[in-house]
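Below is one structure, written out as structure tokens; comments come after it.
The values are calculated or read from the model by the stated rules, or taken from the named source; none is laboratory data. The shown structure was predicted, so the numbers you read here are calculated from the model rather than taken from an experiment. In this analysis, Cβ positions are derived from the backbone assuming ideal geometry, glycine residues included, and neighbour counts consider all displayed protein chains.
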Amino acid sequence: MGEKVYVLGAGSTKYGKLNESIIEIALNASRDAIESAGITPRDVKAGYISNVFGVADKQVHMAPVIMSNLGIPDVPGLTIESACGSGSVMFREAFANVSAGFYDCVLALGVEKITHTSTVESTTLFSYCSDFFYEGGNGASFPGLFGSMARAYLATYKATEEDLARVAVKNHENGFLNPKAHVRKKITVEDVLKSPVVASPLKLYDCCPFSDGASAVILCNEDFAKKSGNPYMEVVGSGRGASPASVQSRKDITTIPSTVEAARQAYKMANLSPKDIDFVEVHDCFTIAELIDIEDLGFFPKGSAAQAVREGRTRLNSDITVNPSGGLKSKGHPIGATGVGQVVEVFEQFTNKAGERTVKDAEIAMTHNFGATGASAAVHIFKKIK
Amino acid sequence: MTQSKPKNQSSRERFIEFAKNGNILLNRCNKCNNIILETVYYCDKCFSSSFKQISYGGKGTVVTFTIQAVAPEGFEDVESYAWVIFKLDDCDINVSGFLPGISSPSDLPLGSKIKVIDFHEKHGLILQKYQ
């Protein structure tokens, strides 16, 4: 492995329905990250941008536009797309370039703007992230794809629709404490079960919202971090995985192979195991995803996540705090930004900026983010620097 | 039934042509006998690209499904339908498709019998329940 890599600064817009253009949203998060790191744009040697639906706000080839508007038009940038996993996949590439010694300091920025489109338009755009010939082209939406996974999971294991609802209730409890969350509202199991069916067996409150938003972090090498005088955290593990693109092609619909592999790589690199993780931000685009995630990441044996949630073992400051930010479910899911937003949450937790949602005495944290139904995934592990 | 490969047709065009006749076109690897969907270019076991095409009867059983409140563009004209993953009979291959006329999960217990009846330009692989 190459040089050690650190996160030096982090910034994020509120997630939700934002009025600014996609470029303005991106610039606001970038400025916050640069100022949080105590650097100037001149220190940034490259920009890594994650985005999926820029075309919906009339802007592709986004990186040069962002670099130019940060006053550094001479700094190279590139845009990376990996559906809902774009942010973490992009973060991995930024990490790899700093680790390899190409740059001492880079900007890693994720951004999305989608709420100005109609529900049918956004549902259709998202369906293009599926294996379209077999899925979107046969009428599957993303809630539908995860609905089919949920049906298979509930039929295989001792889990119920109430258990799915408990995931939503827990994440809304956490998101209520997050000033930047899209849906800051406490809900009950009954609220979830009575909400309209979106894609059976998933209901409205089983689903994350469509969100606008941007999140950014500054990644740097050890020399740069130490000279800055600002707080930072170390990236101690990084893993990437892949799964068959279509759900039909997976031998087991109740697991996501890309998550399992990305986690294996990240744990190995960090020389850590699930019991060492104090909290985790997982990809809970739908409540079923969180149950599958926390099994695939090794926190609970296969088929037992529902019971763990029932027993409150994933709540804030319990056995393993899952999604202290509120997760995609409550914090929101601006899909190009989500993976970076998870890293921002870890940074805020480790630099005493998480307020009431602080995970007590946390020193090791994990982020997990996947694209589409898990065709691509990345897992990262972070260590607090005291 | 083994088929010879027609010329000047893409793999997806061939898949669609067979689906229109109620069949699923698969590839049997000439090197290791692994069976995969015809739209995959290399064997995922031995990575050979030498195949014999097999037309499989498009009958199977429902593995999982969903019924959606909001359909993507192009499906607004359908009152209610299920998106279904089904396992082909006598073959370890799953395929997914569009099953019209399903409005409640109780209409489609897991394990229900399903068959391919067409491939529609607008709605993809069209399925039908049968007893």
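Listed by first and then second residue, the pairs linking a residue in the range B:103-121 that is aromatic (Phe, Trp, Tyr) to a residue that is outside any helix (DSSP H, G or I), with Cβ atoms under 8 Å apart and 6 or more places separating them unless they lie on different chains, are B:119/B:20; B:119/B:125; B:119/B:126.
The set of residues from the range A:183-196 being hydrophobic (A, V, I, L, M, F, W, C) and within 20 Å of residue A:333 (Cβ to Cβ) comprises A:183, A:187, A:192.
Determine whether the range A:88-102 contains at least one residue that is out of contact with any strand residue (DSSP E or B) (no Cβ under 9 Å at 6 or more places or on another chain) and either away from every other protein chain (no Cβ under 14 Å) or closer than 25 Å to residue B:123 by Cβ (or both). Yes: one or more hits. For residue B:41, the conditions (1) facing another protein chain (nearest Cβ under 9 Å); (2) within 18 Å of residue A:131 (Cβ to Cβ); (3) aromatic (Phe, Trp, Tyr) are fulfilled apart from (1). Checking A:157, A:128 one by one, the residue that is surrounded by fewer than 24 Cβ atoms within 10 Å (Cβ to Cβ) and either touching a residue at least 60 places away in the same chain (Cβ under 8 Å) or more than 20 Å from the chain's Cα centre (by Cα) (or both) is A:157 and no other.
The numbered conditions (1) in a loop (DSSP other than H, G, I, E, B); (2) not acidic (Asp, Glu); (3) not assigned by TED's automatic domain parsing to the domain that holds residue B:29 are all true for residue B:49 except (3).
For the range A:23-50, what are the residues that are part of a helix (DSSP H, G or I), touching a Gly at 6+ places or on another chain (Cβ under 6 Å) and buried (at least 19 other Cβ atoms within 10 Å of the Cβ)? Across the range A:23-50, the qualifying residues are A:29, A:32, A:33, A:36, A:37. Applying the set (1) among the hydrophobic types (A, V, I, L, M, F, W, C); (2) farther than 26 Å from residue A:327 by Cβ; (3) at pLDDT 95 or above to residue A:1 leaves exactly one unmet item: (3). Evaluate the following for residue A:119: is it closer than 30 Å to residue B:38 by Cα, surrounded by fewer than 24 Cβ atoms within 10 Å (Cβ to Cβ), facing another protein chain (nearest Cβ under 9 Å) and of a type in the set (Val, Ile, Thr)? In short, no. Summed over the range B:22-34, the residues that are in contact (Cβ under 8 Å) with a residue 24 or more places away in the chain, surrounded by fewer than 20 Cβ atoms within 10 Å (Cβ to Cβ) and over 10 Å from the mean Cα position of the chain (by Cα) give a count of 1. For the range B:76-103, a residue qualifies if it is more than 18 Å from residue A:152 (Cβ to Cβ) and assigned to a loop (DSSP other than H, G, I, E, B), and the qualifying residues are B:76, B:77, B:78, B:79, B:80, B:89, B:90, B:91, B:101, B:103.
The residues of the range A:185-218 that are more than 9 Å from chain B (Cβ to nearest Cβ) and assigned to a strand (DSSP E or B), listed by number, are A:203, A:207, A:210, A:212, A:213, A:214, A:215, A:216, A:217, A:218.
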